[in-house]
Amino acid sequence: MTLEAYLLLALLLFSMGLYAVLARHNLIAILIGVELMLNAANINFLAFNYFLHLDPAMAQIIVLFVIGLAAAEAAIALAIILKLYRKHQSIDVDAMRELRG
Amino acid sequence: MNIAFTLPFAVIVIGAFLAVTRSNILHAVFGLAISLVGVAGAFLALGSPFTAVMEVLIYVGGIAVTMIFAVMLSSVSSPAERGGFLRKSLAALVAGLFLAGGSLIIVNADFGAGNHLSTDAWSIQAVGRDLLDRFNLAFESLSLVLLLAIVGAIVIVRREPVLPADQDDAPEEEAA
Amino acid sequence: MSHSTLGLICLLAPLTAFFTALVGFRNNHRAAMATVLLSGLASALCALLLLAQHSPQPELVTRSWIHAGGVDIYFGLLLDGKTLIMGAVVAVITLCIQTYSLNYMATDPGRGRFFAFLALFEWAMLCFVYSPSLMQTFVFWELVGLASFFLIGFWYSKPSAVAAAKKAFIMTRIGDVGLFIGLILLFQSTHTLDILRLNATHFETTRIELITLLLFVGIVGKSAQFPLHTWLPDAMEGPTPVSALLHSATMVAAGVFLFARFHNLFMQAELTLTIVLCIATFTAVLSSTMAMVAKDMKRVLAYSSISQLGFMLMGLGAGSLFAGYFHLVTHAVFKALLFLCAGAYIHHYETNDIIAIGRAGGRKLRIVTAGLVIGGAALAGLPPLAGFFSKELIIGSLGHGHPRIFVIGALLASFMTAYYTFRMIFLVTRPNADSEASPDQEAPDHEADDHHAEGSLLPTHAPIVLLTLGAIGLGFLGDSIARLLGQSAHHPALAEMAPAIGVACFGVLLAWLDFGRSAAAQNGFVSRMPAVRRLFEQGWYLDALYKKLFVGLAQAIAGLLFGLENRGFDGGADGIASGTRAAGRTAAKAQTGRLQLYIGTSILLFAAAALYIGLGASR
Amino acid sequence: MNQPMLFVPEFALLAGVLLLFACTALGASQRTTWLVSTLSALAVVVACLWGLGLDGEPFFPGIYRVDAFSQLFKLGVAVALALCVLISQQSASMRSLSRVDAHFFFFMSALGMMMLASATELLTLYIALELSAYGLYILAALHRHERIGGESAAKYILFGAAASAVSLYGISMIFGAAHSTYVAAVASSPMSPMLLFGIVLTLAGLLFKLAAFPVHAWAPDAYQGAPHEGAAFLGSASKVAAVAVLLRVLSLAGADAEQLQTMLLVISVASMTLGNLAAMVQKDFKRLLGFSAVAHAGYLLIGLAVLSPLGAASAIFYVLTYVPIILCAFIVVSAVSKHGRNPAIADLAGLYKRSPLLALVLLVAMFGLAGIPPTPGLAGKWFLFSAAIDAGFLWLVLVAAVNATVSLYYYLRVVKEAYLTPPEGYEDIRLSPAFTMASVFAMLLVFFTGFYPGPVFQLAKEAAIALGL
């Protein structure tokens, strides 16, 4: 397989994540979209490293860190979503339209 | 077609498709988990078993499960995805444009002579050494990030006690 | 005392007084007023001493402020002929007006604050006048505008006052944009901020035309020239002492002073000078027509200010620094006098309407009436009063090598000035209850309701008397002023003066026929032509036009951008303000509250940019 | 200089983090925590002042740079931190349970921002970016009026997460095109479509932090929905860090990236115009500040977009002097706020009578934002505009000058409310010593930089030179 195939796969994954972010009502579903986008970037890193054999450790470390960051981000985001649910009794993005104008 | 590529490819796309389209949020989380397992497969195919294991452990084991918890805590039945054809098509349009444009860049890119399959064996030892050497600072900061996230998550979801009518501390609502 | 000490006292006294009065004596009006008055006295004394001790060479008293990009920016004082004269005029007139305000504002609940802002105004103007560098000039130019905003809007409970303050601020800011860019361009071309060195620069390129034109845009805004003049009549909403200050030695004078300051630069730009002459002449004529029909005493004076500012710019634009500058000085004195007199009438009879004042027995205020007549005669340019000499010089300077049209315009404006000034004087002094004229029922109300403290009249009369003396005597000081400016005074021959004197006398005569003689209908020749009267009264409909134009423009843009219907424009406010606010409302609507719309737009735009840039690089 | 010494500001901050973590864990009282936090913040400021002259690379080469550039930004962050901590003694706008913990997040986030200023490797930079952002997300979620607070925090974090994902994708492209994540290596690698694609996508996440168009929409919401002290931190320190990291990444592109410059100019104009127009019709004071922050992002981008040392120096000067000015505004917000509610502009009525000092602070803040002397707002605009004209962008200066005019309108509306409207129905405000101290300190900073911009501009120039643009 070629590098381009992997890059296109990552791009496809990214676009699907983007679609979820833009189209879904549920805040958790939006978060899922973000996770997909992050994973697309991860595939990119490893693919570049593997095909262009840049640096034996760097890409793996980046991927490792991104996974860790994603976990932290998800924890905070879920906490905020949970809190929002308690107040609004809803996690629909359309319920959040008080702040505007 | 190479099975090492097509299998993860299929799993990723099917999983992501589920994650993106299922209106039941629990199904969507399962879709995400499937997709991430596929990503782990891709990592494996890209010669990095270590990250593949981590992906499954942290993502599928950690993040996806946390999400399921959150779903359970917030509501068993997710909000119905009402109508929203316009929103979906606009989202699809933006995502599609990004896809098309990105592929244009990728297909036209020139990666030079080095673009071929690597045969280097990637050692976990190198990763471990670099973590404590070159990426020492990043590594330490990551631990701070995790600490911050844990404390933060606890602080955010902690319930505010309903205090007696103390002048200053009484919880007040903004005027509706 | 050394010059630097005097200068510093002159500049720092008002500032100290401002802070003391504003912060220290918040609730003690008496102390606040006393502080400000003392500071005004100190400044005036120092300015006069500085003038008395002037040396032929320009003197710099500066402190370096910042050194950036090889350029030293400093603050301080530049003492040369121009600044010394103007500084003295500003300080003395401000002192007069502060004294006058003691009575005028005696019962106003906010008088402490009023005096504090007067001090701020004086400080800003003095720093502007004495400025040795471009940076300081611009900074205090802005502060002058800011202080006037506070003073015009002083009676904030009156919506019209707030609207007028806003309008004054916005209109002058339009000009300031031009000025700012002009100053930056000037700096870019010369790499110096030093005013003396700037004035000595000789420009080879036509860039000077652009620079001076931009500077002139700022002057047009500040000195209320067409097409940005509409703020000045509305600025009457402030207390009368403010109008007196604004129209004589400060605010509007700042624009003309800036022109005089950079006279050398303007002299290098042929095209700009022509434009200046055109606009100034047009303004002088235009605003005189409006003054001929106004019934509000302050409004008559306001229109006359605009036209006199036009005169000054004509003189300067015609190349005669001395003529324009001299008129700036004399006008400052007699216009301050006229406003103080108007204030005294308004205060006493509680109306702004000239006819009503006359019928109520205006001439019984003898000192005030004497001041009004002498100040009016000076404004009309009757010899041998102050206005005569300076106006004569301007018309004389226009006669040399300039198209006839400007002289004709000047004579026309001069005639109308004499006519409307004496119309005002006759209406006040020779009221005729049987005449056709009627007090304007729709005339704006008199000013505040309850400032009726008949204390000692000295604070009211002393400044009027002093300024009356100035209006009589200042005309004979032309030679010394010319010497200070380093110019030779040009004494026109009698034959040259004849047309100007002629039209002025003709104007007075016509005013006598229309208003003065006992059988007069007191209904001017203009009023007998209703269409023309309407036109003049409405200020040639310029306000309405601007409002339509700006609101329409904003609506068009808003509609174009977002395809939303426009609604809820504020009817009362100024067209520009409401137009911009409408655009603001539309812009705020773009914040829809929809998270996904935000993210989608962002990603779309960034991806588009990324593609454009990325693919652009491959070609 | 031995290596640990290079790290003194960060160490000081880290010590503060640990102390505050101990406070949180041991359940210290609000007052104790505040004292610990204030003293630590002061120590950080001192450490940063001491560290101004440091130069070196304390780790593996190319990862982390300590130089005039980074140290100046660290000082800016430290000052913002100290002032924000100082005014959070009461934190009436925060949930009562979180008032102790909030200090921990301030410090954590500040640590991330300091690392942003020094990071010269994209992974480190990304982690620092996230560290600083997470602290802000958490802070934004702590408003006691949870309806607004929750909504703004959710929007902020989801928008932020999406932006940082795009950014990471961009970094992966840079990695692929330049074969490295070291800034130095990327800067010296040949330009390719993919590299530019990556840089632009990366910029999306960084411009998000600056709140520039089109990634600005979170700013007004977050300003409005975050507790006052959190919003203050968001508006000051975060802006400083954003400028630092943007300058660092833009130096990647080199001076000849014309299309990139065009993009930044468009963003600059759009930001200032949109921010100023929308700010005009706001009623909530904090929301007004949020839109004004968008406008100021536009002004700052003038300096960044010209891609010249002078432009960089003016942007640095502008953002550093912006810190005390915007904090003045937030001091007023915090002091005027009743029961932790957001003050509307109408709530400022008669402030001059209710608390003269506060009214003066407000005046200074509004004059500073509007660019009226004697605040450094004018000198900052002057520098930015001259840099733009030097680079030949007269039209940009024209647009910016018109914008500055428009902005005066709403800043003066606030001043008018405070000085000219009678204080009917509002009671006097008694300032606590902490507020008085913070006010005086912030105003001193404003006046000092306003009257003597020279020294700060000199530092900014040295920083720009150290950046090597």
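The values are calculated or read from the model by the stated rules, or taken from the named source; none is laboratory data. All of these numbers come straight from a predicted model, not from anything done at the bench. Glycine also receives a Cβ, built like all others from the backbone with ideal geometry; neighbour counts cover every protein chain displayed. Side chains included, ligands, DNA and RNA excluded: accessible areas come from the protein's heavy atoms. Shrake-Rupley method; radii C 1.70, N 1.55, O 1.52, S 1.80 Å.
Quick check on my filter: what residues within the range D:18-62 are closer than 21 Å to B:Gly152 by Cα, within 13 Å of another protein chain (Cβ to nearest Cβ) and either in contact with a Lys or Arg (Cβ under 9 Å, 6 or more places away or on another chain) or buried (at least 21 other Cβ atoms within 10 Å of the Cβ) (or both)?
If the condition is that a residue be closer than 21 Å to B:Gly152 by Cα, within 13 Å of another protein chain (Cβ to nearest Cβ) and either in contact with a Lys or Arg (Cβ under 9 Å, 6 or more places away or on another chain) or buried (at least 21 other Cβ atoms within 10 Å of the Cβ) (or both), then D:Leu20, D:Cys23, D:Gln30 are the ones that fit.
How many residues are in a helix (DSSP H, G or I), crowded, with 23+ Cβ neighbours inside 10 Å and touching a residue at least 60 places away in the same chain (Cβ under 8 Å) if we restrict to the range C:375-405?
We begin by selecting, within the range C:375-405, every residue in a helix (DSSP H, G or I); these are C:375-380, C:386-398, C:404-405.
Those still in the list that are crowded, with 23+ Cβ neighbours inside 10 Å too: C:375-380, C:386-387, C:389-395, C:397-398.
From what is left, the residues that are touching a residue at least 60 places away in the same chain (Cβ under 8 Å) are C:375, C:378-380, C:386-387, C:389-395, C:397-398.
Total satisfying the criteria: 15.
Would you please name the residue that is surrounded by the fewest Cβ atoms within 10 Å (Cβ to Cβ), looking only at residues in the range B:1-42 that are of a type in the set (S, T, N, Q) and farther than 23 Å from A:Ile30 by Cβ?
Looking at the filtered set, the residue picked out is B:Asn2.
Can you spot a residue in the range D:358-372 that is in a helix (DSSP H, G or I), touching an Asp or Glu at 6+ places or on another chain (Cβ under 8 Å), open to solvent by less than 10 Å² (accessible area, probe 1.4 Å) and more than 23 Å from D:Thr273 (Cα to Cα)?
Looking through the range D:358-372, none of the residues is in a helix (DSSP H, G or I), touching an Asp or Glu at 6+ places or on another chain (Cβ under 8 Å), open to solvent by less than 10 Å² (accessible area, probe 1.4 Å) and more than 23 Å from D:Thr273 (Cα to Cα).
Within the range B:121-156, count every residue that is touching a residue at least 40 places away in the same chain (Cβ under 8 Å), open to solvent by less than 70 Å² (accessible area, probe 1.4 Å) and out of contact with any Pro (no Cβ under 6 Å at 6 or more places or on another chain).
1
Going by the structure shown, is D:Met263 within 9 Å of chain C (Cβ to nearest Cβ), within 18 Å of C:Ala609 (Cα to Cα) and of a type in the set (A, V, I, L, M)?
Yes; evaluated as a whole, the condition is true for this residue.
Determine whether the range C:152-166 contains at least one residue that is within 18 Å of C:Val256 (Cβ to Cβ) and assigned by TED's automatic domain parsing to the domain that holds C:Leu458.
Filtering the range C:152-166 for residues within 18 Å of C:Val256 (Cβ to Cβ) gives none.
Taking every residue of the range C:152-166 in turn, none turns out to be within 18 Å of C:Val256 (Cβ to Cβ) and assigned by TED's automatic domain parsing to the domain that holds C:Leu458.
If you scan the range C:586-600, which residues turn out to be among the polar types (S, T, N, Q) and under 21 Å from D:Ala153 (Cβ atoms)?
Looking only at the range C:586-600, we keep the residues that are among the polar types (S, T, N, Q), and these are C:586, C:591-592, C:596.
C:Gln591, C:Thr592, C:Gln596 - these are the residues of the range C:586-600 that are among the polar types (S, T, N, Q) and under 21 Å from D:Ala153 (Cβ atoms).
Is at least one residue of the range D:298-312 surrounded by fewer than 23 Cβ atoms within 10 Å (Cβ to Cβ), within 28 Å of D:Thr202 (Cα to Cα) and not aliphatic (A, V, I, L, M)?
yes
Pull out all pairs, ordered by first then second residue, where Cβ-Cβ is under 7 Å, the residues are six or more apart or on different chains, the first lies in the range C:44-64 and is modelled with pLDDT of 80 or more, and the second is part of a loop (DSSP other than H, G, I, E, B) and open to solvent by 60 Å² or more (accessible area, probe 1.4 Å).
Once the first residue is modelled with pLDDT of 80 or more and sits in the range C:44-64, no partner that is part of a loop (DSSP other than H, G, I, E, B) and open to solvent by 60 Å² or more (accessible area, probe 1.4 Å) comes close enough.
Do you know which residues across the range C:138-187 are assigned to a loop (DSSP other than H, G, I, E, B) and either within 11 Å of chain D (Cβ to nearest Cβ) or open to solvent by less than 20 Å² (accessible area, probe 1.4 Å) (or both)? Explain how you work it out, then say what you get.
Quick first cut of the range C:138-187, residues assigned to a loop (DSSP other than H, G, I, E, B) only: C:153-158.
Listed by number, the residues that qualify are C:Gly153, C:Phe154, C:Trp155, C:Tyr156, C:Ser157.
Restricting the search to the range C:131-149, which residues are within 15 Å of C:Ala260 (Cβ to Cβ) and of a type outside the set (S, T, N, Q)?
Initial filter on the range C:131-149 (within 15 Å of C:Ala260 (Cβ to Cβ)): C:131, C:137, C:141.
The answer is C:Trp141, and nothing else.
Filtering the range D:419-458 down to residues that are within 12 Å of another protein chain (Cβ to nearest Cβ) and among the aliphatic types (A, V, I, L, M), which residue is nearest to C:Lys158 (Cα to Cα)?
It comes out as D:Leu420.
So which residues in the range D:71-100 are assigned to a loop (DSSP other than H, G, I, E, B), open to solvent by 20 Å² or more (accessible area, probe 1.4 Å) and closer than 19 Å to D:Thr436 by Cβ? Show your work before the answer.
If we filter the range D:71-100 for residues that are assigned to a loop (DSSP other than H, G, I, E, B), which is where we start, we get D:87-93, D:95, D:99-100.
Of the ones still in play, those that are also open to solvent by 20 Å² or more (accessible area, probe 1.4 Å) are D:89-90, D:92, D:100.
D:Gln89, D:Gln90, D:Ala92 - these are the residues of the range D:71-100 that are assigned to a loop (DSSP other than H, G, I, E, B), open to solvent by 20 Å² or more (accessible area, probe 1.4 Å) and closer than 19 Å to D:Thr436 by Cβ.
Among residues belonging to the range C:20-43 that are under 26 Å from the mean Cα position of the chain (by Cα) and without any contact (Cβ under 8 Å) to a residue 60 or more places away in the chain, point out the one that is farthest from C:Pro109 (Cα to Cα).
Checked the range C:20-43; the qualifying residue farthest from C:Pro109 (Cα to Cα) is C:Ala42.
Give B:Leu57, B:Leu44 a once-over and let me know the one that is in contact with a Pro (Cβ under 9 Å, 6 or more places away or on another chain) and either at the interface with another protein chain (Cβ under 7 Å from one of its Cβ atoms) or part of a helix (DSSP H, G or I) (or both).
On the way: B:Leu57 fails: in contact with a Pro (Cβ under 9 Å, 6 or more places away or on another chain).
Step by step, each of B:Leu57, B:Leu44 is checked, and only B:Leu44 is in contact with a Pro (Cβ under 9 Å, 6 or more places away or on another chain) and either at the interface with another protein chain (Cβ under 7 Å from one of its Cβ atoms) or part of a helix (DSSP H, G or I) (or both).
Among the candidates C:Thr212, C:Thr274, which residue alone is part of a helix (DSSP H, G or I), more than 30 Å from C:Leu95 (Cα to Cα) and open to solvent by less than 10 Å² (accessible area, probe 1.4 Å)?
Numbers: C:Thr274 fails: open to solvent by less than 10 Å² (accessible area, probe 1.4 Å).
When all the criteria are applied, what remains is C:Thr212.
Do we find a residue being surrounded by fewer than 16 Cβ atoms within 10 Å (Cβ to Cβ) and in contact with a strand residue (DSSP E or B) (Cβ under 9 Å, 6 or more places away or on another chain) anywhere in the range D:440-453?
yes
Here's a check for you: in the range C:17-60, which residue that is among the polar types (S, T, N, Q) and closer than 16 Å to C:Gln98 by Cα is most open to solvent (accessible area, probe 1.4 Å)? Please lay out each step first, then the result.
We begin by selecting, within the range C:17-60, every residue among the polar types (S, T, N, Q); these are C:20, C:27-28, C:35, C:39, C:43, C:53, C:55, C:57.
Add one more test, that the residue is closer than 16 Å to C:Gln98 by Cα, and what stays is C:35, C:39, C:43.
Working: C:Thr35: 36, C:Ser39: 10, C:Ser43: 0 Å².
In this case the residue turns out to be C:Thr35.
Within the range D:383-402, which residues are within 21 Å of the chain's Cα centre (by Cα) and either under 16 Å from D:Ala270 (Cβ atoms) or outside any helix (DSSP H, G or I) (or both)?
D:Ala400
If I filter the range D:108-149 down to residues being closer than 26 Å to B:Asp130 by Cα and not in a helix (DSSP H, G or I), which single residue comes out as farthest from the other protein chains (Cβ to nearest Cβ)?
This residue is D:Thr120.
Being without any contact (Cβ under 8 Å) to a residue 60 or more places away in the chain, of a type in the set (A, V, I, L, M) and closer than 17 Å to B:Ile34 by Cα is true for just one of A:Leu3, A:Leu54, A:Leu12. Which residue is that?
Values: A:Leu3 fails: closer than 17 Å to B:Ile34 by Cα; A:Leu54 fails: closer than 17 Å to B:Ile34 by Cα.
Going through A:Leu3, A:Leu54, A:Leu12 in turn, the sole match is A:Leu12.
From C:Thr289, C:Thr281, C:Thr250, which residue is at pLDDT below 85, buried (at least 24 other Cβ atoms within 10 Å of the Cβ) and β-branched (Val, Ile, Thr)?
Values: C:Thr289 fails: buried (at least 24 other Cβ atoms within 10 Å of the Cβ); C:Thr281 fails: at pLDDT below 85.
Going through C:Thr289, C:Thr281, C:Thr250 in turn, the sole match is C:Thr250.
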